[in-house]
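Enquirer: Got a structure for you, questions after.
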Protein chains: 2
Amino acid sequence: MDPVFPFAIVLPVRGEGALAHELHQQLRAAILDGRLAAGSQLPATRRVAAALRVARNTVVTAYDLLVAEGYAIPRTGAKATVANVAARRPVRQRRVAQRLEDPRLNPTWRTPFMSGSGTSRAARGFQLGEPEHRYFPHDIWRRLSAHALRGWAKGPFTHPESEGIAPLREAIAQHTAFSRAVACTKDDVVVTGGAQQAFDLLARLLITSNRTKVAVEEPGYPPLRAALIAAGGQLVPIPVDDEGLRVEQLPSDVRIVCVTPSHQFPSGAALSLRRRMMLLDFARSRDAVIIEDDYDGEFRYGGRPLDALQTLDRDALVFYVGTFSKSLFPSLRKGFVVVPPWARSALIALKQRADWHCDPITQLTLAAFIRDGHLARYVRRMQSIYAARREALLDGLRIDLGKWLQPIPSLAGLHLAARIVARERAAAVTARVRRHAPGMQPISDYSLAPPERPALVFGYGAIEASDIRATTQRLRRALQSL
Amino acid sequence: MDPVFPFAIVLPVRGEGALAHELHQQLRAAILDGRLAAGSQLPATRRVAAALRVARNTVVTAYDLLVAEGYAIPRTGAKATVANVAARRPVRQRRVAQRLEDPRLNPTWRTPFMSGSGTSRAARGFQLGEPEHRYFPHDIWRRLSAHALRGWAKGPFTHPESEGIAPLREAIAQHTAFSRAVACTKDDVVVTGGAQQAFDLLARLLITSNRTKVAVEEPGYPPLRAALIAAGGQLVPIPVDDEGLRVEQLPSDVRIVCVTPSHQFPSGAALSLRRRMMLLDFARSRDAVIIEDDYDGEFRYGGRPLDALQTLDRDALVFYVGTFSKSLFPSLRKGFVVVPPWARSALIALKQRADWHCDPITQLTLAAFIRDGHLARYVRRMQSIYAARREALLDGLRIDLGKWLQPIPSLAGLHLAARIVARERAAAVTARVRRHAPGMQPISDYSLAPPERPALVFGYGAIEASDIRATTQRLRRALQSL
């Protein structure tokens with residue numbers, strides 16, 4: 001066959017009308033993707049008809065359609081040439097690229113996820129949410145991971161359970177019961193892709209879009225707020241003080257209360273027992289539920305820890321969210337929910353719809369890491385390291401910066417907040433501190449409204465004690481010249 | 001201090017009213033979690049007052065509150081005893097456990113995720129969606145994984161990009177451009193937790209709950225439908241025939257069209273070029289978008305493959321969803337979207353809200369696996385293995401079962417569908433086949449309405465050629481006795 005086109009045309013055996021249409025479509029596709037180059041001549045209809053064994057009129061019809069649509073340009077007394085459609089393409093792409101508020105898109109992405117310098121990956125030092133990596137037993141993790149891969153290689157390629165593999169749920173239940181007195185068995189645990197997926201799934205599970213009111217702490221954790229907003233939740237910011245969430249300010253029509261009782265994010269305050277009981281009373285009497293985010297409660301410095309809300313709850317109203325992002329590392333992407341029995345199957349169903357399940361190799365590795373005692377050992381070790389950093393930060397705040405900053409009492413976690421003493425100079429103090437203590441974030445970064453009492457938040461997960469003190473000393477000199 | 005309680009009570013320095021309330025709350029918490037045993041006597045108010053250094057009246061008030069709430073039972077002439085609140089607990093838990101249609105829950109979980117025997121993990125043999133595991137180069141994967149872990153151990157514990165790490169997006173773009181002629185660079189790729197997360201994110205991105213009409217193939221893929229329904233999509237089932245989706249039946253108000261053009265799930269038909277162009281025309285003229293699910297198009301058996309819809313699209317209307325679940329293994333949980341530029345930042349924002357990012361170790365491992373050519377080699381190898389199985393199945397259907405079953409033409413993928421010739425005996429034939437060919441599923445398992453033409457679907461991903469033929473021979477005998 002005479003190769004009239006630089007590609008194959010395959011036509012079905014049919015009436016000529018359908019053939020013309022098919023030929024037109026295939027030629028148009030070839031023009032669109034450049035197989036028929038712009039400016040080149042279309043082969044003579046007679047040649048095409050002979051090569052494809054169709055009536056010449058079929059080819060004429062197809063060409064006419066191409067011309068009518070602008071894919072080919074007729075030339076008087078000559079063959080039609082292929083139009084330069086590629087030239088049109090970038091224009092169109094530019095146009096759509098600019099439609100960021102495209103009506104076809106849900107507007108959820110317009111809420112910030114992380115605020116302030118938290119979005120920048122370059123910031124280090126006092127960066128929040130970044131634990132230390134230098135003491136992590138990488139060799140053990142690598143060994144357990146290889147072991148998991150070898151075990152997994154023996155079986156067929158099936159999907160594991162959406163709620164998490166049983167050995168991991170078992171390990172999480174034991175660890176959480178032991179370290180946080182959370183009452184649970186493996187059947188209460190659902191493994192998630194980090195705490196973030198837990199928030200996202202719970203938001204979707206519990207929120208009716210544009211109707212459900214959700215109380216969040218003010219200041220609070222922006223990624224949680226972003227997930228709640230994405231699910232259509234109507235946020236009600238509730239202030240926090242040194243006893244944590246001001247429970248008495250909860251409006252009665254709130255259906256979900258999100259709270260960080262062991263270590264308020266980001267102020268660091270612990271929710272007092274009085275408020276814990278008030279909150280449980282509120283939930284019971286108002287038919288509300290509680291999302292308890294225990295993101296770094298494993299690291300505690302003195303003082304008897306208060307029971308988790310989940311521990312005190314007798315009405316199955318608390319969804320307890322735990323994570324290994326602080327105790328191990330954030331990119332592990334493993335968190336979990338201890339879920340009340342009435343919501344369990346729905347949560348698992350939603351996890352299945354969201355991404356079916358978490359990857360089994362990491363689940364097996366983490367299960368072995370917990371089961372063999374490595375997690376408990378590592379947390380103990382890191383606790384003493386973080387305790388020294390916290391001491392250095394408290395010393396620095398007191399000795400070097402006492403004139404400007406006043407720490408907010410806090411007995412847990414990987415960060416500390418400090419109020420700015422001279423409120424009227426808050427902006428200047430913040431700017432100086434930000435310059436000399438990279439990673440530090442003003443509490444306003446976590447607030448929906450400008451905070452009544454300006455404060456600064458210092459993470460000490462990824463900065464050594466000696467660097468902390470050196471920084472506060474530098475800061476002292478910088479602030480003195482204010 | 002006289003230990004009047006078997007635990008510490010810590011009271012703030014305040015007015016007596018607040019103290020009574022605090023004491024009441026702490027005692028109630030102790031009763032609730034069993035630290036004060038049911039039936040035991042509360043210590044004398046005088047002793048408690050002395051031990052805690054509060055007025056006796058404070059203790060009396062706290063006790064009165066406990067009695068009023070039923071946590072303590074007054075005894076005439078004796079000390080009050082602790083009520084058996086634990087006994088109340090199981091009753092309450094049972095009650096809530098039964099509230100499966102609890103109004104606090106979104107009803108999304110009520111849709112089935114996988115239908116028919118697909119939900120059972122025991123089924124093997126002709127099971128759909130399960131690729132072969134015996135030839136997977138586990139040693140290479142383990143080596144690349146260990147290498148990824150060692151590299152990752154060197155840096156701090158930060159979050160990688162939500163859209164996927166650059167080396168993986170680069171590898172995916174190259175691989176997809178090469179194997180599927182999809183026009184993309186790494187900047188068009190967003191890595192997801194399997195195709196399922198891609199569906200879920202796209203559903204949430206593009207659907208306005210209870211308003212957006214979404215066309216789905218009938219029969220089609222139940223987990224996709226489940227994700228669309230979870231996002232509030234109004235499904236419009238569109239029938240498929242041997243040319244794939246019957247595009248001409250799309251109602252004009254459909255905003256999203258979900259389609260499996262290379263290998264219709266589950267019928268196996270390819271969407272004809274004519275219909276592809278019609279579909280793109282439809283989307284352009286109706287301002288609709290297309291979700292192209294290319295779940296197993298990498299395995300092709302003869303015939304020139306048709307271009308992907310994404311390749312033909314000049315209006316940035318196609319979201320191309322790819323996955324490594326079939327070409328590698330499903331529990332890898334890695335898929336991706338080639339996303340039009342106008343929707344890219346919104347999709348990444350939603351991925352961030354959903355679970356922040358996929359785990360970097362698996363991403364690094366997969367990136368190296370693709371970059372070093374292992375994926376292409378493995379797909380080539382498996383293609384010849386699957387081709388032999390497909391031949392065995394086609395032989396078996398023709399030689400052994402031609403009287404009862406008629407294969408639906410199909411040139412790709414890991415499964416084949418066959419129509420039941422004698423429609424009136426469909427139920428009996430299905431039952432026999434199901435008994436002798438475990439894993440086989442009737443096409444009705446994937447249909448929203450009873451299918452016009454009953455058919456059976458056979459996966460050949462996880463069954464050897466010899467077993468396939470042995471099964472069809474057994475089946476022949478079983479069907480002859482019908």
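The values are calculated or read from the model by the stated rules, or taken from the named source; none is laboratory data. Quantities reported herein were computed from a predicted structural model and do not represent experimental measurements. Quick reminder, even Gly has a Cβ in these numbers, built from the backbone with ideal geometry, and neighbours come from all protein chains shown.
Enquirer: If I ask for residues that are modelled with pLDDT under 95, under 23 Å from residue A:377 (Cα atoms) and either away from every other protein chain (no Cβ under 11 Å) or out of contact with any Leu (no Cβ under 6 Å at 6 or more places or on another chain) (or both), which ones from the range A:300-324 would you list?
Expert: Of everything in the range A:300-324, those that are modelled with pLDDT under 95, under 23 Å from residue A:377 (Cα atoms) and either away from every other protein chain (no Cβ under 11 Å) or out of contact with any Leu (no Cβ under 6 Å at 6 or more places or on another chain) (or both) turn out to be A:300, A:301, A:302, A:304, A:305, A:307, A:308.
Enquirer: Can you tell me how many residues in the range B:437-462 are farther than 19 Å from residue B:295 by Cβ, crowded, with 23+ Cβ neighbours inside 10 Å and within 14 Å of chain A (Cβ to nearest Cβ)?
Expert: 0
Enquirer: Taking the residues in the range B:354-383 that are closer than 24 Å to residue B:141 by Cα and facing chain A (nearest Cβ under 8 Å) as candidates, determine which candidate is surrounded by the fewest Cβ atoms within 10 Å (Cβ to Cβ).
Expert: The qualifying residue surrounded by the fewest Cβ atoms within 10 Å (Cβ to Cβ) is B:362.
Enquirer: Residue by residue through the range B:447-482, note down the ones that are closer than 16 Å to residue B:402 by Cα, in contact with a strand residue (DSSP E or B) (Cβ under 6 Å, 6 or more places away or on another chain) and assigned to a loop (DSSP other than H, G, I, E, B).
Expert: B:454
Enquirer: Now for a different question. Can you name every residue in the range B:196-211 that is more than 7 Å from chain A (Cβ to nearest Cβ) and in a helix (DSSP H, G or I)?
Expert: B:198, B:199, B:201, B:202, B:203
Enquirer: With under 19 Å from residue B:21 (Cβ atoms), among the basic types (Lys, Arg) and surrounded by fewer than 19 Cβ atoms within 10 Å (Cβ to Cβ) as the only criterion, which of B:47, B:75, B:53 stands out?
Expert: Answer to the check: B:53.
Enquirer: Taking the condition of being under 18 Å from the mean Cα position of the chain (by Cα), at the interface with chain B (Cβ under 7 Å from one of its Cβ atoms) and assigned to a helix (DSSP H, G or I), how many residues in the range A:333-353 meet it?
Expert: Of the residues in the range A:333-353, 3 are under 18 Å from the mean Cα position of the chain (by Cα), at the interface with chain B (Cβ under 7 Å from one of its Cβ atoms) and assigned to a helix (DSSP H, G or I).
Enquirer: Any chance you could count how many residues in the range B:254-287 are within 14 Å of chain A (Cβ to nearest Cβ) and either among the aliphatic types (A, V, I, L, M) or surrounded by fewer than 19 Cβ atoms within 10 Å (Cβ to Cβ) (or both)?
Expert: 17
Enquirer: Restricting to the range B:400-423, name every residue that is hydrophobic (A, V, I, L, M, F, W, C) and touching a residue at least 40 places away in the same chain (Cβ under 8 Å).
Expert: B:401, B:404, B:405, B:408, B:411, B:412, B:414, B:416, B:417, B:418
Enquirer: Within the range A:134-161, count every residue that is of a type in the set (D, E, K, R) and within 26 Å of the chain's Cα centre (by Cα).
Expert: The total comes to 3.
Enquirer: Still on this structure, please answer the following. Looking at (1) farther than 25 Å from residue B:111 by Cα; (2) at pLDDT below 95, which is the one condition that is false for residue B:401?
Expert: Just one mismatch for residue B:401, condition (2).
Enquirer: Okay, moving on. Out of all the residues in the range A:143-164, which are more than 10 Å from chain B (Cβ to nearest Cβ), more than 16 Å from residue B:144 (Cα to Cα) and surrounded by 15 or more Cβ atoms within 10 Å (Cβ to Cβ)?
Expert: Residues satisfying the conditions are A:163, A:164.
Enquirer: Tell me, please, whether a residue that is of a type in the set (Gly, Ala, Ser), under 30 Å from residue B:126 (Cβ atoms) and more than 24 Å from the chain's Cα centre (by Cα) can be found in the range A:162-181.
Expert: Checked the range A:162-181: at least one residue is of a type in the set (Gly, Ala, Ser), under 30 Å from residue B:126 (Cβ atoms) and more than 24 Å from the chain's Cα centre (by Cα).
Enquirer: Same structure, new question: Anything in the range A:400-428 that is under 27 Å from residue A:132 (Cβ atoms), among the β-branched types (Val, Ile, Thr) and not in a loop (DSSP other than H, G, I, E, B)? List them, or say none.
Expert: none
The rows are residues; the columns are (1) in contact with a strand residue (DSSP E or B) (Cβ under 8 Å, 6 or more places away or on another chain); (2) not in a helix (DSSP H, G or I).
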position: A:225; (1), (2): yes, no
position: A:229; (1), (2): yes, no
position: A:232; (1), (2): no, yes
position: A:238; (1), (2): yes, yes
position: A:251; (1), (2): yes, yes
position: A:254; (1), (2): yes, yes
position: A:271; (1), (2): yes, yes
position: A:281; (1), (2): no, no
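Enquirer: Picking from B:376, B:388, which residue would you name as being in contact (Cβ under 8 Å) with a residue 60 or more places away in the chain, within 26 Å of residue B:477 (Cα to Cα) and assigned to a helix (DSSP H, G or I)?
Expert: Just a single option satisfies the conditions, and that option is B:388.
Enquirer: Residues being among the charged types (D, E, K, R) and closer than 18 Å to residue A:131 by Cβ: count how many of those fall in the range A:437-470.
Expert: Adding up the residues that qualify gives 2.
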